[in-house]
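Beneath this line is the structure, given in structure tokens, with notes to follow.
The values are calculated or read from the model by the stated rules, or taken from the named source; none is laboratory data. Keep in mind it's a predicted model, so treat the numbers as computed, not measured. Glycine gets a Cβ as well: all are built from the backbone with ideal geometry, and neighbour counts include every protein chain shown. In case anyone asks, the SASA skips ligands and DNA or RNA and just uses the protein heavy atoms, side chains included. Shrake-Rupley method; radii C 1.70, N 1.55, O 1.52, S 1.80 Å.
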Amino acid sequence: MISVETALAQLLSLVRPLDAEHVPLRHAAGRVLARDVAATRTQPPFAASSMDGYALRRAEVEPDAMFKVVGEAAAGHRFEGALRAGQAVRIFTGAPVPEGADFVVIQEDVTRRGDLITLGHRVGSKDNIRPAGGDFEVGQTLHAPLRLRPADIALLAAMNIADVPVTRRPRVAILATGDELVQPGEVPGPDQIIASNSYGLAAMLDGLGAQVHMLPIARDTAASLKQAFSLAKGSDLIITIGGASVGDHDLVAPVAAEIGMEQAFYKVAMRPGKPLMAGRLGDAAMIGLPGNPVSAMVCGTIFVAPVVCKMLGLGEQATPMRQAPLARALPANGPRAHYMRARITDGALHPDDRQDSSLLSVLASADALLVRPVDDPARRPGDMVNYIVI
């Protein structure tokens with residue numbers, strides 16, 4: 001068996017960042033920016049009023065000063081001409097500040113009669129003007145790689161970027177195996193269960209930005225597995241679930257080897273998830289996950305997610321860990337790293353009493369994986385421990 005760290009390093013070595021493609025801005029949310037992009041304009045492109053009021057000269061601002069209103073400026077409609085001494089322009093939020101004006105008095109501080117305004121006694125010192133380029137200037141860069149959030153999309157729109165260079169979405173084929181499996185909604189036989197792992201993993205990878213193709217369930221025969229593998233052609237990553245151990249019905253490894261898989265490793269010193277396999281099959285990386293539901297999902301978090309992130313151009317990094325105090329005592333850990341389902345409550349980490357790798361209900365109620373290193377000593381309440389948010 002190899003360590004979790006060695007397994008992850010070998011997995012990451014099997015893939016590379018994918019090529020870039022351009023997508024319309026409307027479809028760029030959640031995608032990964034593949035190249036730096038620069039603003040094609042300055043924002044705001046002119047000095048603009050930040051309030052509704054009257055534009056005038058700061059040097060003329062004093063209590064009871066009177067001005068003649070000579071025009072109006074609204075958003076999208078500037079006042080044509082230059083402001084002279086003793087003049088003011090009615091101005092609205094977002095409108096260009098007229099030439100000659102350098103101050104906007106808010107309308108609440110003004111009394112107006114016809115074309116004349118009189119300033120009140122509480123005019124502040126703030127000019128209420130947004131300077132040209134106050135947000136960003138032409139040429140300012142949004143740097144890649146970056147997973148684009150809604151705020152980033154708004155910024156790109158303001159920069160006048162209509163088509164966005166993003167990393168191509170990894171094509172991931174998920175192949176569940178086993179005579180015991182049927183799809184959700186089907187009626188299982190007396191010795192069958194519902195396939196759950198592939199749906200949980202697909203949801204995880206959808207959230208990361210992969211393009212997921214769920215293949216039909218492969219039965220425990222070489223012919224069925226070969227047919228399923230043929231349906232995965234064109235994928236960047238093939239994920240098999242189950243059949244990765246060494247039992248008489250575990251055929252994934254020998255069948256994959258027969259059709260050309262170059263195995264990188266098999267078995268990792270972790271629980272749940274020991275029977276993990278990886279390699280390359282043609283142009284695709286391949287990861288063979290254990291069949292137990294929790295094992296598959298934990299390995300998805302620890303291994304598959306970082307692999308997909310590298311393919312998206314987000315670099316090589318393990319799933320991030322945080323620290324919290326332990327809520328209860330734990331005995332010493334053994335020779336395999338242990339990823340325990342837990343909950344964060346009142347700032348402390350509460351590992352569940354039940355850690356069997358078949359218990360999806362415990363995983364669904366957890367919001368963290370408590371990470372216990374190999375040979376971790378016994379822990380007491382209050383000890384700081386590492387965990388992963390799930």
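Give the residues of the range 230-247 that are outside any loop (DSSP other than H, G, I, E, B), open to solvent by 30 Å² or more (accessible area, probe 1.4 Å) and not hydrophobic (A, V, I, L, M, F, W, C), sorted by residue number.
Ser230
Anything in the range 14-56 that is farther than 30 Å from Gly120 by Cβ, of a type in the set (S, T, N, Q) and part of a strand (DSSP E or B)? List them, or say none.
Passing the criteria: only Gln43.
For the range 199-229, which positions are open to solvent by 50 Å² or more (accessible area, probe 1.4 Å) and more than 28 Å from the chain's Cα centre (by Cα)?
Passing the criteria: Pro216, Arg219, Thr221, Ala223, Lys226, Gln227.
Which residue, of Thr221, Thr240, Thr167, is polar (S, T, N, Q) and farther than 20 Å from Gly288 by Cβ?
Thr167
Do you know which residues across the range 268-320 are in a strand (DSSP E or B), of a type in the set (Val, Ile, Thr) and over 22 Å from Leu18 (Cβ atoms)?
So the first thing to find is which residues in the range 268-320 are in a strand (DSSP E or B), and the list is 268, 270-271, 277-281, 284-289.
Narrowing the set further to residues that are of a type in the set (Val, Ile, Thr) leaves 268, 287.
Once the filter is applied, which keeps residues that are in a strand (DSSP E or B), of a type in the set (Val, Ile, Thr) and over 22 Å from Leu18 (Cβ atoms), the range 268-320 yields only Val268.
Considering only residues that are polar (S, T, N, Q) and in contact with a Ser or Thr (Cβ under 7 Å, 6 or more places away or on another chain), look in the range 153-188 and name the one that is surrounded by the fewest Cβ atoms within 10 Å (Cβ to Cβ). Break it down into steps so the answer makes sense when it comes.
Quick first cut of the range 153-188, residues polar (S, T, N, Q) only: 160, 167, 177, 183.
Then drop every residue that is not in contact with a Ser or Thr (Cβ under 7 Å, 6 or more places away or on another chain), which leaves 160, 177.
Values: Asn160: 12, Thr177: 28.
Per the criteria, the residue is Asn160.
Using beta carbons and a limit of 7 Å, which pairs, at least six apart or on different chains, have the first residue in the range 335-346 and assigned to a strand (DSSP E or B) and the second one buried (at least 17 other Cβ atoms within 10 Å of the Cβ) and of a type in the set (Phe, Trp, Tyr)?
Between residues of the range 335-346 that are assigned to a strand (DSSP E or B) and residues that are buried (at least 17 other Cβ atoms within 10 Å of the Cβ) and of a type in the set (Phe, Trp, Tyr), the close pairs are Ala342/Tyr387.
For the range 347-390: of the residues being assigned to a strand (DSSP E or B) and touching a helix residue (DSSP H, G or I) at 6+ places or on another chain (Cβ under 8 Å), which is surrounded by the most Cβ atoms within 10 Å (Cβ to Cβ)?
Leu369
Taking the condition of being open to solvent by 70 Å² or more (accessible area, probe 1.4 Å) and over 49 Å from the mean Cα position of the chain (by Cα), how many residues in the range 74-84 meet it?
The number of residues fulfilling the criteria is 1.
Can you report the number of residues in the range 303-315 which are open to solvent by less than 10 Å² (accessible area, probe 1.4 Å) and closer than 22 Å to Tyr339 by Cβ? Give the steps one after another, and end with the answer.
Within the range 303-315, the subset open to solvent by less than 10 Å² (accessible area, probe 1.4 Å) is 303-304, 306-308, 311-312.
Cutting the leftovers down to closer than 22 Å to Tyr339 by Cβ gives us 303-304, 306-308.
The total comes to 5.
For Ala59, are the conditions met, namely being under 30 Å from Phe79 (Cβ atoms), outside any loop (DSSP other than H, G, I, E, B) and free of Cβ contacts under 8 Å to residues at least 12 places away in the same chain?
For Ala59, the condition - under 30 Å from Phe79 (Cβ atoms), outside any loop (DSSP other than H, G, I, E, B) and free of Cβ contacts under 8 Å to residues at least 12 places away in the same chain - is met.
Here is a yes/no grid of residues against (1) touching an Asp or Glu at 6+ places or on another chain (Cβ under 8 Å); (2) in contact (Cβ under 8 Å) with a residue 40 or more places away in the chain:
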{"position": "Arg219", "(1), (2)": "yes, yes"}
{"position": "Leu225", "(1), (2)": "no, yes"}
{"position": "Ser230", "(1), (2)": "no, no"}
{"position": "Ile241", "(1), (2)": "no, yes"}
{"position": "Val252", "(1), (2)": "no, yes"}
{"position": "Met261", "(1), (2)": "no, no"}
{"position": "Ala264", "(1), (2)": "no, yes"}
{"position": "Lys274", "(1), (2)": "no, yes"}
{"position": "Gly282", "(1), (2)": "no, yes"}
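Among the strands (runs of 3 or more DSSP E) confined wholly to the range 85-129, which include 3 or more residues that are crowded, with 16+ Cβ neighbours inside 10 Å? Write out each step before concluding.
On the way: elements: 87-91, 103-106, 110-113, 116-119.
Output list reads 87-91, 103-106.
Which condition number does Leu11 fail, the rest of (1) part of a loop (DSSP other than H, G, I, E, B); (2) surrounded by 18 or more Cβ atoms within 10 Å (Cβ to Cβ) being met?
Failed condition: (1).
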